[in-house]
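Some notes on the structure that comes next.
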Amino acid sequence: MRKRVRHGGRSVATVVSATAMAVALVVTLAGCGQEARGGSRYQPEGGKGATVGLAMPTKSSERWIADGENMAESFEEAGYQTDLQYADDKVENQIAQVENMITQGHALLVVAAVDGAALTNVLEQAEQQGTQVIAYDRLIMGTEHVDAYASFDNERVGRLQGQYIVDALELEQNPNETFNIELFAGSPDDNNTQFFWNGAMSALRPYMESGQLEVGSGQTRMNQATTLRWDGGTAQRRMDDLLSRHYGNAEVDAVLSPYDGISLGIISALRSSGYGGANQPYPIVTGQDAELASVKSINAGQQRQTVFKDTRKLADRAVQIADALLTGGEPEFNNTTDYDNGPKVVPAYLLDPVSIDESNTQLLVDEGYYTAGQIG
Ligand code: GAL
């Protein structure tokens, strides 16, 4: 496992203190009900020692496990208590978890949304309680009750994927050669999906327009390519279908995949259809997250590329923003224009993603993300 990941167990003291806080909250609210209904809102106790709720989407992907545990560790090191919850990728679970965190009086929530547009109502309650909210990795849409956004440069993630295909097929150097490509997009309810798609298309579209890249299935629109909840099995079924319907007598040369879990599903479908042997190499398949199974797949010559987003750095950034918000400081942002969620342009801090292929998987070892033995 990665160095900083650890399993964040809740201590009895945390539970006791959360219960005490909830009681205090009820008492305080009873005392200032007038204020809570009027404009001046109740503020849960901020500052060091406050409890931070960490609402993560799923444990089915190792990145979210690492995100949650790294944040729990860093928050605790910074003097906060934490309440880490996973929603099993179910919208209703996440709403219930967030509601519960607000009711318990947590001072701040860090939320990686299952469905970016489904939290509008529950975040009204956060506003009423004075609970601050940081959108983590995925922007929360349709509400002004989001104080900050911590993520990676999502457009750039997509550009790294698209450009990898352009470079690997040497499209610029060989303008007369044509290739077949298929396109996959992320979950339609995740705001990142459009950014990844736009970035990838900015690299691929010129070659699709010139005819150098042909989408064999004709499915060139994002809404034809999305993969609900980023599910690898769903992607595998779509790839099976594309291969059997459109590639009877042709080969696919590249597959744009936005995420490693999807890439592995695509590669399984390709393998079942005869790719991966000496006479029929795998097409170029991209990815994202540098998940261990995909890094191994890259080193084994199957998946060709992934995008490394160091979840430890993102966790640290979220903790820095939260610490500033909770102690009356000024959080640092580096993008205050691009992340408009409808009612609000949410101030963001974006980190840099890094493209990984077989030539630089060693970087993941040098950075301490994996050990050499793990990725070998
Ligand atoms: C996105 C995230 C990606 C990937 C994907 C599936 O929101 O930015 O890094 O993890 O979800 O989990």
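The values are calculated or read from the model by the stated rules, or taken from the named source; none is laboratory data. Here the structure is a predicted model, which means the values were calculated and not measured. No Cβ is skipped: glycine too gets one built from the backbone with ideal geometry, and neighbour counts run over all protein chains shown. Just the protein is used for accessible areas: all its heavy atoms, side chains included, with ligands, DNA and RNA removed. Shrake-Rupley method; radii C 1.70, N 1.55, O 1.52, S 1.80 Å.
Structure data summary
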{"quantity": "Selection from the range 200-216 of residues that are surrounded by fewer than 20 Cβ atoms within 10 Å (Cβ to Cβ) and assigned to a helix (DSSP H, G or I)", "calculated": "Met201, Ser202, Arg205, Pro206, Met208, Glu209, Ser210"}
{"quantity": "Flag if Arg271 is of a type in the set (D, E, K, R), part of a helix (DSSP H, G or I) and more than 16 Å from the ligand (Cβ to nearest atom)", "calculated": "yes"}
{"quantity": "Lone qualifier among Ile181, Ile165 - being assigned to a strand (DSSP E or B) and aliphatic (A, V, I, L, M)", "calculated": "Ile181"}
{"quantity": "Flag for Ala235 being assigned to a helix (DSSP H, G or I), touching a helix residue (DSSP H, G or I) at 6+ places or on another chain (Cβ under 9 Å), among the small types (Gly, Ala, Ser) and more than 12 Å from the ligand (Cβ to nearest atom)", "calculated": "no"}
{"quantity": "Pairs where the first residue, in the range 60-77, is under 15 Å from Ala324 (Cα atoms) and in a helix (DSSP H, G or I) and the second is more than 16 Å from the ligand (Cβ to nearest atom) and open to solvent by 40 Å² or more (accessible area, probe 1.4 Å), C-beta under 8 Å, 6+ apart", "calculated": "Ser74/Asp316; Phe75/Gln81"}
{"quantity": "Answer from Ile284, Ile267 - the residue that is within 23 Å of Glu251 (Cα to Cα), more than 20 Å from the chain's Cα centre (by Cα), in the same structural domain as Ala250 (by TED's automatic domain parsing) and buried (at least 24 other Cβ atoms within 10 Å of the Cβ)", "calculated": "Ile267"}
{"quantity": "Meets criteria (out of contact with any Asp or Glu (no Cβ under 7 Å at 6 or more places or on another chain) and open to solvent by less than 40 Å² (accessible area, probe 1.4 Å)) for Asp83", "calculated": "yes"}
{"quantity": "Residue match in the range 138-146 (condition: among the basic types (Lys, Arg), open to solvent by 10 Å² or more (accessible area, probe 1.4 Å) and within 12 Å of the ligand (Cβ to nearest atom))", "calculated": "yes"}
{"quantity": "Yes/no for Asp316 being without any contact (Cβ under 8 Å) to a residue 24 or more places away in the chain, under 19 Å from Val133 (Cα atoms) and within 18 Å of the chain's Cα centre (by Cα)", "calculated": "no"}
{"quantity": "Test: Arg229 is away from the ligand (no atom under 16 Å from the Cβ), assigned to a helix (DSSP H, G or I) and of a type outside the set (A, V, I, L, M, F, W, C)", "calculated": "no"}
{"quantity": "Residue among Gly79, Gly116, Gly105 that alone is of a type outside the set (Ser, Thr, Tyr), out of contact with any Pro (no Cβ under 7 Å at 6 or more places or on another chain) and under 20 Å from Val146 (Cα atoms)", "calculated": "Gly116"}
{"quantity": "Selection status of Ser294, within 15 Å of the ligand (Cβ to nearest atom) and at pLDDT 95 or above", "calculated": "yes"}
{"quantity": "Candidate set from the range 247-264 (those that are in contact (Cβ under 8 Å) with a residue 60 or more places away in the chain and away from the ligand (no atom under 16 Å from the Cβ)); member that is most open to solvent (accessible area, probe 1.4 Å)", "calculated": "Glu251"}
{"quantity": "Residue within the range 53-66 that is modelled with pLDDT of 95 or more, away from the ligand (no atom under 15 Å from the Cβ) and either out of contact with any Phe, Trp or Tyr (no Cβ under 7 Å at 6 or more places or on another chain) or not aromatic (Phe, Trp, Tyr) (or both) present", "calculated": "yes"}
{"quantity": "Tally of residues being open to solvent by less than 30 Å² (accessible area, probe 1.4 Å), touching a Ser or Thr at 6+ places or on another chain (Cβ under 8 Å) and either away from the ligand (no atom under 16 Å from the Cβ) or touching a residue at least 60 places away in the same chain (Cβ under 8 Å) (or both) across the range 161-199", "calculated": "9"}
